[in-house]
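J.: Starting off with a structure, shown below.
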Amino acid sequence: MLKQKWLIPATQGVGFRLKQGEVVRVTDVEGEQVADFVAYQAGDFTERLDPGVTMDALHTMNIQPNDVLYSNKYRPMLTIIRDTVGRHDFINSACRPEMYEVLYNKKNHASCYQNINEALQPFQIPVPDQHYPFNLFMNTVIQASGKISVERPHSKPGDYIELRAEMDLIIAISACPCEESVCNGYKCTDIEAEII
């Protein structure tokens, strides 16, 4: 049964509550669009989804259904229920205006950092110096040499991932506004989120 649904316009973000046991489905509407996903424990904003801890606990960067995503306090925060893509990113921080200046010579560019801050503002979550999201649909490739490159996402129109909350959470999702690179297939599009 569908509970709530949001269409996140290209380059924008949304925030919402997700209760323990509820499942959120995040859908790539047109394909090849990254969605930065962060989560905070609803009763304690010092506890948040932590990609580094998750990789440490799982001993992998490639998550699968039934894998658990951990908080910075090494507690289960979300469980992957379904995933039609199987390729996401744990290592890249949220894009921010300074990144667009350094990498693309563009000032005052929209960013996931700002989108997430705005999405979390109604919940009075303090603004951190940076966000370290679970980057849904992002295709980061690490070569044997150590070289890191971001390639076109594998997600096709309608592909999705479902995550079950293991505690009461506040979620923020940004439809990444980077149209300057292959990260979003050179075109920013909508993301859909729904509690099911």
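J.: For the chain, what is the charge dipole size about the Cα centre, in debye to the nearest 20, if Lys and Arg each add +1 at the Cβ and Asp and Glu each add -1 at the Cβ?
T.: The dipole magnitude comes to about 100 debye.
J.: A further question on this structure: Rounded to the nearest 500, what is the 222 nm mean residue ellipticity of the chain from helices alone, with -39500 (n - 2.57) per DSSP H run of 4+ residues and division by all residues?
T.: Mean residue ellipticity, 222 nm, calculated: -3500 deg cm²/dmol.
J.: At most 10 other Cβ atoms within 10 Å and a DSSP loop assignment: could you name the trypsin sites (Lys or Arg not before Pro) in segment 1-51 that fit?
T.: Answer in residue order: no site qualifies.
J.: May I pose another question? So for the pair Glu30, Lys156, with labels modelled 7 Å out along Cα→Cβ, what separation do we get in nm?
T.: The two pseudo-label positions are separated by 1.8 nm.
J.: Quick one: give the max-minus-min coordinate of the C-alpha atoms of segment 4-195 along each principal axis, largest first, in Å.
T.: Principal-axis extents of the Cα atoms in segment 4-195, largest first: 41, 37, 30 Å.
J.: At R0 = 30 Å, how high is the FRET efficiency between Asp168 and Asp129 if r is their beta carbon distance? Nearest 0.05 is fine.
T.: Working: r = 25 Å, r/R0 = 0.84.
My answer for the efficiency is 0.75.
J.: A further question on this structure: Report, ordered by chain and residue number, the lysines lying within cross-link reach of Lys187, taken as a straight Cα distance under 16 Å and ignoring same-chain residues fewer than 8 apart.
T.: Lys156
J.: Related question: For segment 1-51, what size does the Cα cloud have along each of its three principal axes, sorted from largest down, in whole Å?
T.: The Cα atoms of segment 1-51 stretch 35, 28, 17 Å along their principal axes.
J.: Could you give the length gained on full extension between Asp56 and Tyr104, defined as 0.36 nm per residue of separation minus the Cα-Cα distance, in nm?
T.: This chain segment gains 14.0 nm when fully extended.
J.: Label Gln64 and Lys19 with points 7 Å out from Cα along Cα→Cβ: what is the distance between them in nm?
T.: In this crude spin-label approximation the distance works out to 3.3 nm.
J.: Also: Could I have the simple spin-label model distance between Ser181 and Thr84, label points 7 Å from Cα toward Cβ, reported in nm to one decimal?
T.: 2.7
J.: Hey, got a sec? Which chymotrypsin sites (Phe, Trp or Tyr not before Pro) in segment 50-118 land in a DSSP loop and have at most 13 other Cβ atoms within 10 Å?
T.: Tyr74
J.: Among all the aspartates and glutamates, which ones have a C-alpha under 16 Å from Lys147's C-alpha, if same-chain residues fewer than 8 places away are not counted?
T.: Qualifying aspartates and glutamates at Cα under 16 Å: Asp89.
J.: Checking the table Lys5/Lys73; Lys3/Lys107; Lys73/Lys106 against a 32 Å threshold on Cα-Cα, which pairs fail? Don't skip to the answer; put the middle values down first.
T.: Working: Lys5/Lys73 30 Å; Lys3/Lys107 39 Å; Lys73/Lys106 37 Å.
Pairs exceeding 32 Å: Lys3/Lys107; Lys73/Lys106.
J.: Rank Asp89, Asp28, Asp56 by mean-square fluctuation in a GNM of the chain with C-alpha springs under 10 angstrom and give only the top-ranked residue.
T.: Among Asp89, Asp28, Asp56, the largest GNM mean-square fluctuation belongs to Asp56.
J.: Looking at segment 96-191, which trypsin sites (Lys or Arg not before Pro) are in a loop (DSSP not H, G, I, E or B) and have at most 13 other Cβ atoms within 10 Å?
T.: Here the trypsin sites (Lys or Arg not before Pro) that fit, given the DSSP loop and packing criteria, are Lys106, Lys107, Lys147, Lys187.
Every number here is computed from the coordinates shown, using simple stated rules; none is lab data. Just so you know, these numbers come straight off a predicted model, no measurement behind them. Glycine also receives a Cβ, built like all others from the backbone with ideal geometry; neighbour counts cover every protein chain displayed.
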